Amino acid sequence: MNKKNVGKVVAVLAGLAVGAGGYFLYREFNRKAPSVLDVQPVASLSIENLAAAFASKPDSVHSAFRDKVIEVGGKLLRADVRDTAAYLEMAAPGGLVVQASFGADGAEDVKSLPPEPAGLYVKIRGYYYGYLPGDSILGEVLPGSVQLGRCRLVR
């Protein structure tokens, strides 16, 4: 091969490498995460059972649920709907609060709830992000909370 042909082969190979890299980057960065409704939850609990589990063994429950999908059913305490996000809170009689955040697709679910949803029974499926134990400050007891993210309402 002469130098002219070697240069052409190198240019073609470089073009193919850049094109393949561009395709891979485009595909990876535009990939959507699977809907939480398509993922099988590791646990489906009532908020009362969830509160009892965290009261008895918080560390083992936290490690069992970390970054996994769980489903929690209970009565709503409050709902906050914004433009592209929504937040729901449920409270157990023992004081545990479940705080669920919804993205744009989940916010549409929350917008379909009645205007005053407090007291309404709902099931929420989402990724478990963490647990904050309760605390007492100046004699006032603050409840513990469980955080769920990328949530959806289960119909």
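Considering only Cα atoms, the convex hull volume of the chain works out to 194 Å³ per residue. Among 53, 86, 14, the largest mean-square fluctuation in a Gaussian network model of the chain (Cα springs under 10 Å) belongs to 14.
Cβ-to-Cβ counts within 10 Å put 78, 152 in ascending order as 78, 152, the fewest first.
Extending 7 Å from the Cα toward the beta-carbon at both residue 44 and residue 121 defines two label points whose distance is 1.4 nm.
What net charge do the residues around residue 155 carry, taking every other residue with its C-beta under 13 Å from that of residue 155, with Lys and Arg at +1 and Asp and Glu at -1? Provide the component values of the computation, followed by the final result.
On the way: positive: 123, 125, 152; negative: 71, 108, 109.
Once all neighbours under 13 Å are counted, the net charge is 0.
Note: relative contact order over the stretch 52-103, using C-alpha pairs below 8 Å and six or more positions apart, is 23 percent.
In this rough spin-label picture, where each label sits 7 Å from Cα along the Cβ direction, the residue 30-residue 10 distance is 3.3 nm. Placing +1 on the Cβ of every Lys and Arg and -1 on the Cβ of every Asp and Glu, with no other charges, gives the chain a dipole of roughly 1140 debye about its Cα centre. Restricting to Cα pairs below 8 Å that are 6+ residues apart, what does the relative contact order work out to for the stretch 36-154? Please round to a whole percent. 28 percent. Think of the stretch 1-65 as having a plus end and a minus end, set by charges on the Cβ of Lys, Arg, Asp and Glu; of 39, 54, 64, 39 sits farthest toward the positive end of this dipole. Long hydrophobic helices in the chain, taken as whole DSSP H segments with a C-alpha length of 15 Å or more on their own axis and mean Kyte-Doolittle hydropathy at least -0.5: 3-29.
No value in this document is a laboratory result; all are computed from the given coordinates. Since the structure is predicted, the reported quantities are computational estimates derived from the model, not experimental observations. Reconstructed Cβ throughout: ideal geometry from the backbone, glycine too, with neighbour counts over all protein chains shown.
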